[in-house]
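Reviewing the structure listed below.
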Amino acid sequence: MASRHGAEVLVASNRGPVSYEVRPDGADGSLHAKRGGGGLVSGLSAIGSDASAVWVCAALGDGDREAVRRAAGGLLPEEDTGGQRVRMLDIDAAVFADAYNGIANSVLWFVHHMLYQTPLEPVFDAGFRRQWASYRAYNEAFARALAEEAAPGAAVLIQDYHLALAPRMLRELRPDLRIGHFSHTPWAPPDYFRLLPDDIAAELLEGILGADRAAFLTRRWADAFTDCCRAVLDSGVPSGTRIGVHGLGADADFLRERAHREDVGERMAALRAEIGEGRRAIVRVDRTELSKNIVRGLLAYRELLEDHPEWRERVVHVAFAYPSRQDLAVYRDYTAEVQRVADEINSTFGTPGWTPVVLHVKDDFARSLAAYRLADVALVNPIRDGMNLVAKEVPVVSDEGCALVLSREAGAYEELGESAIVVNPYDIGGTARALHEALTLPPAERADRSKQLAAAATALPPTRWFLDQLTALDD
Ligand code: G6P
């Protein structure tokens, strides 16, 4: 097969390094390119503007689809991508919605984060089977595009639960390629994974096992994957597929430089005014995502104010909860619940000069960095999390050094657990006690721990995470 762009290194992920908005003011529907954030984009950006590398992603919305239609030769304009060669696939909108909202975010995300709660969930009926057909078609679109772009023997790094079937599909189209799959989420233990219909569970595992290497953020998730293979497939992990672990750390140079720009300084002043001079700040920054456990964090803070009235007027919980996946009702409901509990705490405890919870929902990276710099305590209490980069970023950026209250169910726990105050994320009372402990750490101990956290958090910079995977594929 002739390679369209002769790529030697390819990355494939649902979300690419840019997305597009149609400018409301643009008479001609002009497009505005916005750089993506998050661990996946920051790690994969190490691909840089290498002319022999191509990043394949999916169009997520109308602006993106319009950009794909205008893209010459299949690649997005380089001025939008910072020189990266990016091919965005225009997958049929209904297929995309089924694959992304239906299977990836309502089924696979829920399985790996063990989020099902109601007696009626999950539902594996005819509707689910239709969505599964779309998930297959979505994976096939990626496999075909990768097969078209890859030079002979190229290395292909396929990312995450959206693309679990693509490695095997690509292997069938192009047996010459070296294929890696990387999971950015936790992996469910077999008892939970086997909620999935048996044939679907097997198809997912075999899809990933089509890669030469299947890699994870921590040993725990890698072991869970191996356990699932043993439980579901007669053969377990075949000898042709290796299992790898690559932790992803914070990008210290980028963060420290970015956090000292003027826009962050302005936001710090505004945030300090909202918090009040001399008050302590318990900071959290998340997508409003069920696995992040924001509501239990608020309830723990509430319990802290009840059990330790001495903290009233002296502490503020700064919670940035940026809306995510709002096409799904369960996410919209969760967003509303976060708002409701924050309001309830403010009306119960607030005084004319003190707002106990400062909640912001509009995504603003500069303001997040401002909160990191002001943080006395960082609260990271997910139910389960592949890694959690916020836990790593706050200690790197905080001006005075911060204490970290960290869930033992976050991947970051494996690297940061020794210097953090560790909690069971379901235990609201335990989290309240941990917040009290964090607020009362002697300053010297807090500074010490914060230094240790920052050192552990930056041990695996994103560039190394990326290059290590490429090297491992060569072995
Ligand atoms: C997690 C996933 C990523 C995903 C990100 C944001 O970090 O591992 O693959 O891109 O969440 O979710 P979204 O649905 O907005 O892309």
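The values are calculated or read from the model by the stated rules, or taken from the named source; none is laboratory data. Note that this is a predicted model, so its numbers are computed, not measured. As a convention, Cβ positions derive from the backbone with ideal geometry for all residues, glycine included, and neighbour counts pool all protein chains shown.
A few remarks follow.
- Residue within the range 59-79 that is acidic (Asp, Glu) and part of a loop (DSSP other than H, G, I, E, B) present: no
- Verdict on Leu209 being assigned by TED's automatic domain parsing to the domain that holds Val123, surrounded by 18 or more Cβ atoms within 10 Å (Cβ to Cβ) and either within 24 Å of Leu389 (Cα to Cα) or in contact with a Phe, Trp or Tyr (Cβ under 9 Å, 6 or more places away or on another chain) (or both): no
- Residues of the range 128-147 that are farther than 18 Å from Arg85 by Cα and aromatic (Phe, Trp, Tyr): Phe128, Trp132, Tyr135, Tyr138.
- Inside the range 93-152, residues that are of a type in the set (Asp, Glu), away from the ligand (no atom under 15 Å from the Cβ), farther than 18 Å from Ala211 by Cα and modelled with pLDDT of 95 or more make up a count of 1.
- Residues being more than 23 Å from the chain's Cα centre (by Cα) and crowded, with 22+ Cβ neighbours inside 10 Å - total across the range 170-195: 2
- Scanning the range 212-250 for residues that are of a type in the set (Asp, Glu) and surrounded by fewer than 16 Cβ atoms within 10 Å (Cβ to Cβ) yields a total of 2.
- Among the candidates Ser239, Ser291, Ser235, residue that is of a type in the set (S, T, N, Q) and either under 24 Å from Leu439 (Cα atoms) or at pLDDT 95 or above (or both): Ser291
- Residues in the range 268-307 that are among the small types (Gly, Ala, Ser) and either in a strand (DSSP E or B) or out of contact with any Gly (no Cβ under 9 Å at 6 or more places or on another chain) (or both): Ala269, Ala270, Ala273, Gly278, Ala281, Ser291, Gly297.
- Scanning the range 86-137 for residues that are more than 30 Å from Leu10 (Cα to Cα), part of a loop (DSSP other than H, G, I, E, B) and not aromatic (Phe, Trp, Tyr) yields Met114, Leu115, Gln117, Thr118, Pro119, Leu120, Glu121, Pro122, Val123, Asp125.
- Matching residues in the range 183-206 - criterion: being more than 16 Å from the ligand (Cβ to nearest atom) and not aliphatic (A, V, I, L, M): Pro189, Pro190, Asp191, Tyr192, Phe193, Arg194, Pro197, Asp198, Asp199, Glu203, Glu206
- Leu44 meets each of the listed conditions (1) more than 13 Å from the ligand (Cβ to nearest atom); (2) in contact with a strand residue (DSSP E or B) (Cβ under 6 Å, 6 or more places away or on another chain); (3) modelled with pLDDT under 90 apart from (1).
- Output for the range 344-370, where each listed residue is within 30 Å of Ala97 (Cα to Cα), polar (S, T, N, Q) and away from the ligand (no atom under 16 Å from the Cβ): none
- Near pairs, Cβ below 8 angstrom, 6+ apart or cross-chain, from the range 12-28 (more than 16 Å from the ligand (Cβ to nearest atom)) to any residue that is at pLDDT below 90 and assigned to a loop (DSSP other than H, G, I, E, B): Val22/Gly29; Val22/Ser30; Arg23/Gly29; Arg23/Ser30
- Scanning the range 318-333 for residues that are in contact (Cβ under 8 Å) with a residue 24 or more places away in the chain and within 16 Å of the ligand (Cβ to nearest atom) gives Phe320, Ala321, Tyr322, Pro323, Ser324, Arg325, Asp327, Leu328, Val330, Tyr331.
- Near pairs, Cβ below 8 angstrom, 6+ apart or cross-chain, from the range 87-116 (on the phi > 0 side of the Ramachandran plot and assigned by TED's automatic domain parsing to the domain that holds Leu146) to any residue that is among the small types (Gly, Ala, Ser) and outside any strand (DSSP E or B): Met114/Ala188
- Hey, Ser398 touching a strand residue (DSSP E or B) at 6+ places or on another chain (Cβ under 7 Å), over 14 Å from Gly249 (Cβ atoms) and of a type outside the set (Asp, Glu) or not: no
- Per the conditions (1) under 30 Å from Leu157 (Cα atoms); (2) touching a residue at least 40 places away in the same chain (Cβ under 8 Å), the sole criterion not satisfied by Val264 is (1).
- Across the range 334-343, a minimum of one residue is classified as within 15 Å of the ligand (Cβ to nearest atom), in a helix (DSSP H, G or I) and either touching a Leu at 6+ places or on another chain (Cβ under 8 Å) or not assigned by TED's automatic domain parsing to the domain that holds Asp385 (or both).
This table checks each residue for (1) buried (at least 24 other Cβ atoms within 10 Å of the Cβ); (2) over 22 Å from Thr335 (Cα atoms).
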site	(1), (2)
Ala371	yes, no
Asn381	yes, no
Glu400	no, yes
Gly429	no, yes
Thr440	no, yes
Arg449	no, yes
Ala457	yes, yes
Pro461	no, yes
Thr471	no, yes
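- Within the range 54-72, considering residues that are surrounded by fewer than 21 Cβ atoms within 10 Å (Cβ to Cβ) and among the hydrophobic types (A, V, I, L, M, F, W, C), the one nearest to the ligand (Cβ to nearest atom): Leu60
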